[in-house]
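To start, the structure itself, in C-alpha cells.
Values quoted throughout were computed directly from the atomic coordinates according to the rules given, and no laboratory measurement underlies them. Please read these numbers as outputs of a predicted model, since none were measured by experiment. Every residue, glycine among them, receives a Cβ derived from its backbone with ideal geometry; neighbour counts consider all protein chains shown.
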C-alpha cells in the first residue's frame, strides 16, 4: 500500500526528473541519447498520471497532460528521423541520407527556439493533488487492483485486425505504462517478473512494427527515391507484424494465468 502523501512525493520526484533530463539534453546539444532519455522521463511521468487518473483532480490531469504532451511532441519528429537512420542507414542511398539531414536541420533549430520561448519553465512548478484513497481501498492492495484492471485492458481482444497500426501502437504504449508502473510502484513483487518480461518483448516487437509504418509514411511524404529502402521496410513490416502478433498472444496467456490465481 502506498499512502496518499507518498504517491504525491513519487509524482514530484518524476517531475524533477523531467527537468533534469531536459537540462541534460541541452547540455548534450540534443544528441540522440539525450533526446531519448528526455522523452523517457516524460513517458514515465505520464504512466504515473495514467495509473493514478482516478485519484487526480480532472483539472490537474488535463493541464499536466497538455503540457507534458507539448514538450514530448517538440522532439517527436527528430526522434523518428534518428530511429529511421539508425535502423536503415545501411539500406539508404546517399540521396536519402542527405535528404534526412536537410529535413532534420530546421527541426533542431525549431526545437531550440521553442525551448527558449518557454522562459525556463520547470515541470517542478506543476502541482498535483492526489485525492485520498478510500478506506476500503487502503485495506486491500489498491495498487495491485489498479494494475490488474489495466492488465485486463491490455488483453482485451475486441479488435480482431492485429495488423492495424493504431491498434498495435496503443497496445505497445499500454505495455510500456504497465512496465513503468511495475518498476516504480511494485518493484519487489516477484509475481510480476514474468509479466514484465513478456510485456517488454511485446513492446519491442510492436515498436518495430510502428517504426516501419512511420518510415514508410515518411518516405512517401518526402518523396524519397530509394526503391531498395522501400522494399526492405515493406519486408520488415510484414515480418515484424507476425512476430508482434505471436508475442502478443504469449503475453496475454501469461497475464491471463496471473489473473486467474
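Test of understanding: what is the full-extension gain from residue 129 to residue 170, defined as 0.36 nm times their sequence separation minus their Cα-Cα distance?
On the way: separation 41, 0.36 × 41 = 14.76 nm, distance 2.76 nm.
Result: 12.0 nm gained on full extension.
For the chain, calculate the relative contact order in percent as a whole number, restricting contacts to Cα pairs under 8 Å that are 6 or more residues apart.
RCO, the chain: 24 percent.
On a full-extension model of 0.36 nm per residue, what is the gain between residue 191 and residue 103, subtracting their alpha-carbon distance, rounded to one decimal in nm? Don't skip to the answer; put the middle values down first.
Numbers: separation 88, 0.36 × 88 = 31.68 nm, distance 4.62 nm.
Difference between extended and current length: 27.1 nm.
Can you tell me which of 98, 158, 117 moves the most in a GNM of the chain? Springs connect C-alpha atoms under 10 Å apart.
158
With just the Cα atoms defining each centre, how far is region 76-95 from region 210-261? Give it in Å.
So the separation of the two Cα centres works out to 17 Å.
By the gyration tensor of its Cα atoms, with a ≥ b ≥ c the square roots of the eigenvalues, what is the shape of region 141-261: rounded for a/c under 1.5, prolate for a/b over b/c, or oblate?
prolate
Between region 4-69 and region 164-196, how many Å separate their Cα centres?
17 Å
Under a point spin-label approximation (7 Å from Cα along Cα-to-Cβ), what is the residue 93-residue 144 distance to one decimal in nm?
5.9 nm
Pull out the extension gain between residue 67 and residue 259, defined as 0.36 nm times the separation in residues minus the alpha carbon to alpha carbon distance; nm, one decimal.
Gain on extension, residue 67 to residue 259, equals 65.6 nm.
Kindly identify region 1-139 as rounded, prolate or oblate by the Cα gyration tensor criterion: order the square roots of the eigenvalues as a ≥ b ≥ c, call it rounded if a/c is under 1.5, otherwise compare a/b with b/c, prolate if a/b is larger, else oblate.
prolate
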